[in-house]
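The values are calculated or read from the model by the stated rules, or taken from the named source; none is laboratory data. In this text, all values refer to a predicted model and were calculated from it rather than measured experimentally. Here the Cβ positions follow ideal geometry from the backbone for every residue, glycine too, while neighbour counts run over all protein chains shown.
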């Protein structure tokens, strides 16, 4: 799935998703704190479509950007910011 997010955050999200897969992560909940613009939780939601993902940040403007990115990626059904 393509989405307009910075490469570094996407790379980190893919790295986390790979590590979770290797550890045998199943369907559950992923909580990502300090998610900035939402790159990491979006990659995790893409990698684990049956999992609820929650992204948190203390910055309202970053949360708004992350929510917009979530909607553009079509992941609002299992990713909340």
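Quick notes on this one:
- Which numbered condition residue 25 misses (of (1) outside any helix (DSSP H, G or I); (2) surrounded by 13 or more Cβ atoms within 10 Å (Cβ to Cβ); (3) within 13 Å of the chain's Cα centre (by Cα)): (3)
- Under the condition of being within 12 Å of the chain's Cα centre (by Cα) and farther than 16 Å from residue 76 by Cβ, the residues counted in segment 2-14 number 6.
- Residue within segment 40-49 that is surrounded by fewer than 19 Cβ atoms within 10 Å (Cβ to Cβ) and in contact with a strand residue (DSSP E or B) (Cβ under 7 Å, 6 or more places away or on another chain) present: no
- For residue 71: the one exception among (1) under 21 Å from residue 7 (Cβ atoms); (2) surrounded by fewer than 17 Cβ atoms within 10 Å (Cβ to Cβ); (3) modelled with pLDDT under 90: (3)
- For beta carbons closer than 7 Å, sequence separation of 6+ or different chains, a first residue in segment 67-81 that is in contact (Cβ under 8 Å) with a residue 24 or more places away in the chain and a second that is in a helix (DSSP H, G or I) and surrounded by fewer than 19 Cβ atoms within 10 Å (Cβ to Cβ), the qualifying pairs are 81/63; 81/67.
- Scanning segment 1-22 for residues that are at pLDDT 90 or above, in contact with a helix residue (DSSP H, G or I) (Cβ under 8 Å, 6 or more places away or on another chain) and surrounded by fewer than 11 Cβ atoms within 10 Å (Cβ to Cβ) returns no hits.
- Taken as a whole, the condition of being assigned to a strand (DSSP E or B), modelled with pLDDT of 90 or more, surrounded by 11 or more Cβ atoms within 10 Å (Cβ to Cβ) and touching a strand residue (DSSP E or B) at 6+ places or on another chain (Cβ under 9 Å) applies to residue 30.
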